[in-house]
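Single-structure report; data block below.
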Amino acid sequence: IKRDPRYAQLTEEHVKFFTDLLGEGSAVIDGVTKDATDDIEPFNGDWMRKYKGHTKLVLKPGSTEEVSKVLKYCNDHMLAVVPQGGNSGLVGGSVPVFDEIVINMSRMNEIRSFDEVSGTLVVDAGCILEVADNYLKEKGYIFPLDLGAKGSCHIGGNVATNAGGLRLLRYGSLHGNVLGIEAVLPDGTIVDDLSKLRKNNTGYDLKQLFIGGEGTIGIITGVSILCPQRSNAVNVAFLGLESFEKVQQAFREAKGQLSEILSAFELMDSYSQDLVHRVTKNKHPLEGEHPFYCLIETSGSNSEHDNEKLEKFLEYVMEKGIVADGVLAQDATQIKSLWGWREGIPECLGHWGGVYKYDLSIPISELYSLVEDTREKITKAGLIGDGDKDPVVGVVGYGHMGDSNLHLNVATRTFDKRVEKELEPFVYEWVSKRNGSISAEHGLGLAKKNYIGYSRSETMIKLMKQIKNLYDPNGIMNPYKYI
Ligand code: FAD
Ligand code: MLT
Ligand code: ZN
């Protein structure tokens with residue numbers, strides 16, 4: 001792609017406007033004026049070290065009004081922008097492609113209000129997920145979303161990507177839990193739809209466009225969200241299984257027998273566990289190797305009742321030969337360590353260099369076949385091995401079994417065109433043939449922008465473009481990305 005010449009180049013005069021407006025400590029500048037401030041590079045690079053932009057200016061507004069003034073100025077002067085939360089996104093959506101101005105939300109990080117009866121939390125968009133969840137813990141509530149990046153991702157970023165995470169099967173998607181949004185449009189208009197109502201059928205539900213909008217129509221500044229009661233009895237079981245057929249049987253049984261207390265059902269193949277072990281050197285929770293592992297979590301209000309259910313379930317699945325081996329966490333430390341074998345996967349896979357990440361919705365019966373087909377293709381191409389010259393370290397599968405959401409990851413020593421050529425468009429065609437989705441939860445960003453047609457019809461894409469043009473006629477919001 002080439003830089004779009006419609007966008008203005010940043011000048012000293014622009015920078016002066018912003019620094020006068022926002023005050024000291026609210027901008028990171030590099031190369032526009034003489035006084036370069038902090039290191040700008042962390043804002044230009046993504047979590048995977050795959051994408052790198054060239055911004056010279058990062059702005060950190062401290063209020064919705066400031067976001068409004070910044071955007072209006074950018075819109076009037078044709079300055080392109082990228083909204084940025086915790087920069088943990090996995091599709092290159094949160095960093096500039098060229099010299100777009102980064103609007104970083106980290107200074108808007110307050111909890112605005114919490115209603116202890118209804119469980120409605122209102123936060124600034126830049127509030128870190130874990131900070132909000134720790135606050136809720138004190139009140140006996142839980143944030144309805146949890147994911148491995150919780151220590152750095154922002155709630156605004158979660159909403160902008162419609163993140164799914166580890167407990168979607170229990171608490172549902174943000175499209176249901178988010179009750180209201182405050183956002184700023186590129187022309188500076190403040191959209192105050194920060195409703196706290198559970199039910200509100202008065203016309204189009206426009207806030208839904210911002211949920212999963214990936215910063216292409218406006219900047220989310222505030223979020224109101226319905227939080228469930230925190231369960232005081234939490235149990236975790238870690239199981240080893242001999243085939244994907246048996247994983248499906250175990251899932252079926254877990255839903256039937258654990259029903260209302262089931263809060264996560266996660267899948268990990270042995271290849272992913274092997275790579276985690278090679279990085280952490282931790283002792284695996286189960287003796288011997290099994291092709292598949294599942295992590296089952298239950299959350300309920302009565303530990304005796306939950307323990308009884310879970311023990312009965314485990315007895316049943318072991319007796320029937322569905323599960324080959326399993327362990328039950330005995331305390332909070334063990335719960336954390338078992339979760340580590342699942343939550344630690346993304347970070348460990350990055351250990352060797354680069355990772356090709358695919359986040360797919362696939363009909364559950366065929367979910368794992370894609371990993372096998374991909375591994376076969378990469379093996380046949382002679383690209384995998386232990387030698388320094390073999391680019392691929394491992395082809396692994398893991399993900400949110402409970403949501404039919406597979407993460408197919410190819411860990412490499414370095415990003416390598418030969419590997420990419422084997423994977424794309426192969427993976428997208430494979431998924432499209434089965435009417436799956438090429439992005440279940442991470443979004444499209446820059447990484448998948450050319451492939452939207454594998455999951456959406458021309459009519460749908462045309463409607464999306466019309467909406468984009470309506471909200472952002474100058475096209476300053478997160479350009480070069482999916483729309
Ligand atoms: P960023 O990465 O900063 O931005 C993501 C996108 O949202 C960009 O397009 C950006 O422009 C836009 N954006 C950010 N803030 C705003 C705003 N205020 N207004 C408008 N647009 C905005 N994702 C899942 O769905 N499920 C998982 O289980 C999961 N696990 C992860 C585990 C790890 C270790 C990592 C690194 C990532 C994981 N992710 C997961 C991906 C990522 O963390 C989530 O998508 C997260 O929601 C992104 O939040 P963020 O604040 O980091 O956003
Ligand atoms: C996960 O489920 O671990 C996240 O979506 C991150 C990833 O896919 O690696
Ligand atoms: Zn995930």
**Contacts under 9 angstrom Cβ, first residue in the stretch 201-219 being closer than 20 Å to S94 by Cα, partner among the basic types (K, R), 6 or more apart** = E214/K481; G215/K481; T216/K468; T216/K481; I217/K468
**Asked** From the list L121, L136, which one is at pLDDT 95 or above and either of a type in the set (D, E) or assigned to a helix (DSSP H, G or I) (or both)?
**Response** L136
**Request:** Quick one: which residue in V236, V247, V276 is β-branched (V, I, T) and either touching a Gly at 6+ places or on another chain (Cβ under 8 Å) or in a loop (DSSP other than H, G, I, E, B) (or both)?
**Result:** V276
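Only residues that are in a loop (DSSP other than H, G, I, E, B) and touching a Gly at 6+ places or on another chain (Cβ under 6 Å): list them for the stretch 174-199, please.
L185, L194, S195
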**Complete:** Counting only residues that are in contact with a strand residue (DSSP E or B) (Cβ under 9 Å, 6 or more places away or on another chain) and part of a loop (DSSP other than H, G, I, E, B), the stretch 91-106 contains a total of 10
**Complete:** Residue count, the stretch 433-454, condition in contact with a Ser or Thr (Cβ under 6 Å, 6 or more places away or on another chain) and either surrounded by fewer than 21 Cβ atoms within 10 Å (Cβ to Cβ) or not in a loop (DSSP other than H, G, I, E, B) (or both), comes to 2
**Request:** State yes or no: is A264 closer than 30 Å to P83 by Cβ and outside the structural domain of R167 (by TED's automatic domain parsing)?
**Result:** yes
**Complete:** Within the stretch 365-414, the residues that are of a type in the set (F, W, Y) and at positive phi are none
**Message:** Anything in the stretch 117-145 that is within 16 Å of ligand 1 (Cβ to nearest atom), charged (D, E, K, R) and surrounded by fewer than 21 Cβ atoms within 10 Å (Cβ to Cβ)? List them, or say none.
**Reply:** E130, D133
**Prompt:** In the stretch 159-173, which residues are more than 12 Å from ligand 2 (Cβ to nearest atom) and either assigned to a loop (DSSP other than H, G, I, E, B) or within 10 Å of the chain's Cα centre (by Cα) (or both)?
**Reply:** V159, A160, N162, G172, S173
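Residue-wise test of (1) within 16 Å of ligand 3 (Cβ to nearest atom); (2) modelled with pLDDT under 95; (3) hydroxyl-bearing (S, T, Y).
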{"site": "V419", "(1), (2), (3)": "no, no, no"}
{"site": "S437", "(1), (2), (3)": "yes, no, yes"}
{"site": "A440", "(1), (2), (3)": "yes, no, no"}
{"site": "S455", "(1), (2), (3)": "no, no, yes"}
{"site": "E458", "(1), (2), (3)": "no, no, no"}
{"site": "Q466", "(1), (2), (3)": "no, no, no"}
{"site": "D472", "(1), (2), (3)": "no, no, no"}
{"site": "G475", "(1), (2), (3)": "no, no, no"}
**Request:** Under 6 Å between Cβ atoms, at least 6 apart or on separate chains: pull out the pairs that start in the stretch 150-178 with a residue that is closer than 17 Å to T221 by Cβ and end on any residue that is within 12 Å of ligand 1 (Cβ to nearest atom) and of a type in the set (F, W, Y).
**Result:** none
**Request:** Out of the residues in the stretch 243-281 that are among the hydroxyl-bearing types (S, T, Y) and within 26 Å of G172 (Cα to Cα), state the one that is nearest to ligand 1 (Cβ to nearest atom).
**Result:** S263
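The values are calculated or read from the model by the stated rules, or taken from the named source; none is laboratory data. Values in this document were obtained by computation on a predicted structure and should not be read as measured data. For neighbour counting, all protein chains shown are included, and Cβ atoms are generated from backbone atoms with ideal geometry for every residue, glycine included.
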